[in-house]
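The values are calculated or read from the model by the stated rules, or taken from the named source; none is laboratory data. None of the values given here were measured: they were computed from a predicted structure. Neighbour counts are summed over all protein chains in view; Cβ atoms, including those assigned to glycine, are modelled from backbone coordinates with ideal geometry.
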Amino acid sequence: MNILRTSLEIDRDLLETAIALSNVKTKKGVIEIALAEFIEKRQKKNLMDIKGSVKFMDGHDHREMRSRDDVDIALAEFVERRRNERRKSNNLANDNDREVIAYDFN
């Protein structure tokens, strides 16, 4: 983290309201949160400015790529790769020794 020491004149009521709303105890903490939220909001706005300017290949269906089945398949493949990696690293001899991995999607 790159720290900048500075002195600012800030509206006291504005700062106290921000502290009360954030449940953060320090002025520094509130200002850092405010800056982070400002940056996030501005970056999202900039993304919205380019909305509609992305050109897809003919026949490309972005909705199909987001289907639940694709996510489930990708997750199952990831879990299987992870199991294999752990099995190799732990020298597990057979499926009786396999670990149980549970995911909650709700």
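If you go through segment 25-52 and keep only what is over 19 Å from the mean Cα position of the chain (by Cα), modelled with pLDDT of 90 or more and either surrounded by 10 or more Cβ atoms within 10 Å (Cβ to Cβ) or β-branched (Val, Ile, Thr) (or both), you end up with Thr26, Lys27, Gly29, Val30, Ile31. Arg66 meets the conditions (1) at pLDDT below 70; (2) more than 25 Å from the chain's Cα centre (by Cα) in every case but one. The failed one is (2).
Do we have Leu8 as in a loop (DSSP other than H, G, I, E, B) and of a type in the set (A, V, I, L, M, F, W, C) here? Yes: the conditions hold for Leu8. Quick check on Thr6: is it out of contact with any helix residue (DSSP H, G or I) (no Cβ under 8 Å at 6 or more places or on another chain), loosely packed, with under 10 Cβ neighbours inside 10 Å and at pLDDT 80 or above? Yes; evaluated as a whole, the condition is true for this residue.
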